[in-house]
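The values are calculated or read from the model by the stated rules, or taken from the named source; none is laboratory data. Keep in mind that what you see is a predicted model, and the values were worked out from it rather than measured. Ideal geometry is used to build each Cβ from the backbone, glycine not excepted, and the neighbour counts take in all protein chains shown. Each accessible area value is taken on the protein alone, full model and side chains, heavy atoms only, with ligands, DNA and RNA left out. Shrake-Rupley method; radii C 1.70, N 1.55, O 1.52, S 1.80 Å.
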Amino acid sequence: MREADAHPWMNPDLSPDQRAELVLQAMTQEEKFRLLRTEYGDRHPRPAGALGSAGYQPAITRLGLPAIQESDAGLGVAKPLDVGATALPSGLATAASFDPALAYEGGAMIGGEAHRRGFNVMLAGGADLVRDPRNGRNFEYAGEDPLLAGMIVGNAIAGIQSQHVVSTIKHFALNDLETARNTLSANIDRAAARESDLLAFEIAIEIGHPGSVMCSYNRINSVYACENEWLLDQVLKHDWHYKGFVMSDWGAVHSAAKSALAGLDQESAGETFDKEVYFDKPLRAAVASGEVPQSRIDDMARRILRSLFAAGVIDHPAKPAPIDFDADRKVAQRVAEAGAVLLRNRDSLLPLSAAQSVAVIGGHADRGVLTGGGSSAVQSPQGNAVPGAEPVDWPGPRIYQPSAPLAAIEKRAHSKVIFADGKDIAAAAQLAARSDVAVVFVEQWAAESFDLPTLALPDNQDALVEAVAKANPRTIVVLETNGPVAMPWLTQVGAVLEAWYPGAAGGESIARLLYGEVNPSGRLPVSWPRDASQLPRPQIPGAGLAAIGLPPRGKPAQDVDYNIEGADVGYRWYQRKHFEPLFPFGYGLTYTQFEYSGFEAHLKGGQVTASFTVTNHGSREGIDVPQLYVTQPGAGRVRRLAGWCRVALKPGQSAHLTVTADPRLLVDFDSRGQRWQRPAGAFLLQLGHSATSFQGQGKVTLTAANWPADAAPTGVLQACD
Ligand code: BGC
């Protein structure tokens, strides 16, 4: 029999829906149940056929369905660790680029490596909002703003899936802290959730069409995410018309019938991480008793099949193939260079000149650059640049990419470059005193499963920076951190560059930025607090002060009150509270200077737009990110990012640009009426260099309007012409 006769769903001319339906019709109940769960692929011993990564499901050869091989995560192929892969910089670095096309490119790079390793599902797409700079997984996410996070993550997902690999989006939803993540209840008003964290997911899903959504560990308003009918069935599948499948996080399932009826479609690695495999015997029993209808089982299987067809997993099977690591490293380098944020540059200390002698201090800069820990950690094919660094066990190992800033600086300097590891503070200060400039690398390791106990840098690094800066005020600090940290020495140093965890080519990228081969263009995707008292929760509920930041001691709180800030996450919170952050969202310096003029606000064809001219007044080519913020009419409203441009300009060059405000940022969710509504009145439009510094504003008057919950206003998704 010909393939097309035996397996009519192999006809690529049919739609993914038609193909999934045809397979479903041919399936036995046993085969359907096989689809509803994966196993832990990295178990000891490994399941036969598994590649040794996060998830595995055997092939159903009779139907021509391949094995499902799942790997973490959004920064590259994490496992098997010893095989290695190209590490992208932190998600926050990609977000700081404000460049959706670059996010797509990064996604395509890691998706391509996944496919060439034989994986067909990537557990990527971290879209939880940064509500707290101490959250241990911020480096996997895309910042505090729903439009920015949605645009960046959606494009990264689209990039991954362009390589015939299903991507997830995760962790759905409000898994915004790691402390007690398996039990805590994220308590939040539903409308506020829709306008913040859920909006980021909604936008990312609309752009990226991820084949799967991973429900998170935590509870939301008391109900576990993976059995939360409101979240999965009503919001995701009904209101957003989501056609893919919901898979659980590893150990996030607590029931069979309740989860299945709420909208969970696939249980991940339940045999290893859940109390029992709920989607095997217990779910079969629930079907037999009539508690779960057969139609729901069919729906679960159909959704999984549909996503496999839609991403091209069936038509373009993943199989081992050579990887061009040099080309992939270049992608990581572009992201690192576009995403690093220059926070301070007193008297134009940067860029460095080759003639200067340099003291390079601390941060293992002689070996490589830091990587965040947990399931997303990627190790280079060349191995860990600092093997044995603590902690070596979960959520370690602590991994460094072998891209040493020291070597990259040496390549550029024509004068002496000397390294001190920083352990001997006096020796480091002496070295700084006899060098033209000192570059101090500081690090803050963060990882999945715990939050950082404080904003302070660990290991006495503040004392190191202070001593070096005292010895030589021409001190530049390079931060390799999870995100914002306290910088008590800020005014004593000349320059600060936030490099995040800068990925596979981090050392080279940092050196290129320091020497002005590239002009810094990153803008903060998070607000930078002066201290923890400015945060909605000065203390993370339940977080103890563990010595090096490993899992906190003390009893975790079971409830986290996100109603404190509600939808006003990040810069909105600062505005509401009249707090002045240390550095605002959207902020970032360059080696040139941009000015805005001729601002005009318009209402055209129902769309709110702002046009203006941006001019490069400096002497270097550079990239600017003019940001459009909108404030709704009425008392107590705070501004929201509604669009932006990313524009490259030569010295003296100008560009006339128009940004269209995304209509989702003009509306609020009305829970009682189950609709989005736009108030009538004058909307304030402000053109920002950041969320607090404006050059140009105007008003546009709109009429009231509303849209049902399942037909939110759509249409723009970040436009700059
Ligand atoms: C993480 C997920 C990850 C999964 C599989 C969980 O601990 O929360 O992000 O995809 O493990 O490794």
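Going through T179, T183, T168 one at a time, which residue ends up being among the hydroxyl-bearing types (S, T, Y), closer than 17 Å to S248 by Cα and crowded, with 24+ Cβ neighbours inside 10 Å? First the steps, then the outcome.
Working: T179 fails: closer than 17 Å to S248 by Cα; T183 fails: crowded, with 24+ Cβ neighbours inside 10 Å.
Every option except T168 fails the conditions.
So, restricting to helices (runs of 4 or more DSSP H) that lie completely within segment 51-170, which ones have at least 2 residues that are farther than 20 Å from E448 by Cβ? Give the steps one after another, and end with the answer.
Numbers: elements: 91-96, 100-116, 146-161.
Fully inside segment 51-170 and qualifying: 100-116, 146-161.
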query = Within segment 179-202, can you find the residues that are at pLDDT 95 or above and either in a loop (DSSP other than H, G, I, E, B) or within 14 Å of the ligand (Cβ to nearest atom) (or both)?
reply = I188, D189, S196
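Yes/no per residue for (1) open to solvent by 60 Å² or more (accessible area, probe 1.4 Å); (2) of a type in the set (A, V, I, L, M, F, W, C); (3) within 28 Å of A124 (Cβ to Cβ):
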position	(1), (2), (3)
P12	yes, no, yes
Q18	yes, no, yes
L24	no, yes, yes
R34	yes, no, yes
E39	no, no, yes
R46	yes, no, yes
P58	no, no, yes
L63	no, yes, yes
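With respect to A127, determine if the residue is within 16 Å of the ligand (Cβ to nearest atom), of a type in the set (G, A, S), more than 17 Å from A336 (Cβ to Cβ) and open to solvent by less than 10 Å² (accessible area, probe 1.4 Å). Full working, then the answer.
On the way: within 16 Å of the ligand (Cβ to nearest atom): yes; of a type in the set (G, A, S): yes; more than 17 Å from A336 (Cβ to Cβ): yes; open to solvent by less than 10 Å² (accessible area, probe 1.4 Å): yes.
Criteria met by A127.
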note = Selection from segment 274-301 of residues surrounded by fewer than 21 Cβ atoms within 10 Å (Cβ to Cβ) and touching a residue at least 60 places away in the same chain (Cβ under 8 Å) yields V277, D280, R284, D298
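Please enumerate the residues belonging to segment 657-705 that are of a type in the set (S, T, Y) and either open to solvent by less than 20 Å² (accessible area, probe 1.4 Å) or not in a strand (DSSP E or B) (or both).
Selection gives T660, S671, S690, T692, S693, T703.
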ask   = Taking interchain pairs and intrachain pairs at least six residues apart, which have beta carbon atoms under 6 angstrom, with the first residue in segment 308-331 and open to solvent by 30 Å² or more (accessible area, probe 1.4 Å) and the second of a type in the set (A, V, I, L, M, F, W, C)?
value = R329/A504; R329/A505
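If the requirement is being touching a Lys or Arg at 6+ places or on another chain (Cβ under 8 Å) and within 16 Å of the ligand (Cβ to nearest atom), which of these qualifies: D99, D72?
Details: D99 fails: within 16 Å of the ligand (Cβ to nearest atom).
Going through D99, D72 in turn, just one is touching a Lys or Arg at 6+ places or on another chain (Cβ under 8 Å) and within 16 Å of the ligand (Cβ to nearest atom): D72.
Working only within segment 706-721, note down all residues that are in a strand (DSSP E or B) and under 30 Å from T615 (Cβ atoms).
Initial filter on segment 706-721 (in a strand (DSSP E or B)): 706-708, 719-720.
A719, C720 - these are the residues of segment 706-721 that are in a strand (DSSP E or B) and under 30 Å from T615 (Cβ atoms).
Filter segment 215-273 for residues that are among the β-branched types (V, I, T), crowded, with 20+ Cβ neighbours inside 10 Å and in a strand (DSSP E or B) and give the result. First the steps, then the outcome.
Here is the first cut: in segment 215-273, the ones among the β-branched types (V, I, T) are 220, 223, 235, 246, 253, 272.
When the remaining residues are screened for being crowded, with 20+ Cβ neighbours inside 10 Å, the result is 220, 235, 246, 253.
Answer for segment 215-273, where residues must be among the β-branched types (V, I, T), crowded, with 20+ Cβ neighbours inside 10 Å and in a strand (DSSP E or B): I220, V246.
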message = So D13 ticks every box in (1) within 16 Å of the ligand (Cβ to nearest atom); (2) not in a helix (DSSP H, G or I) but one. Which box is left unticked?
response = (1)
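I'd like the full set of residues that are away from the ligand (no atom under 16 Å from the Cβ) and on the phi < 0 side of the Ramachandran plot, limited to segment 245-264.
Let us first name the residues in segment 245-264 that are away from the ligand (no atom under 16 Å from the Cβ), namely 255-263.
Residues satisfying the conditions are S255, A256, A257, K258, S259, A260, L261, A262.
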query = Out of curiosity, is K411 touching a helix residue (DSSP H, G or I) at 6+ places or on another chain (Cβ under 8 Å), of a type in the set (K, R) and surrounded by fewer than 24 Cβ atoms within 10 Å (Cβ to Cβ)?
reply = yes
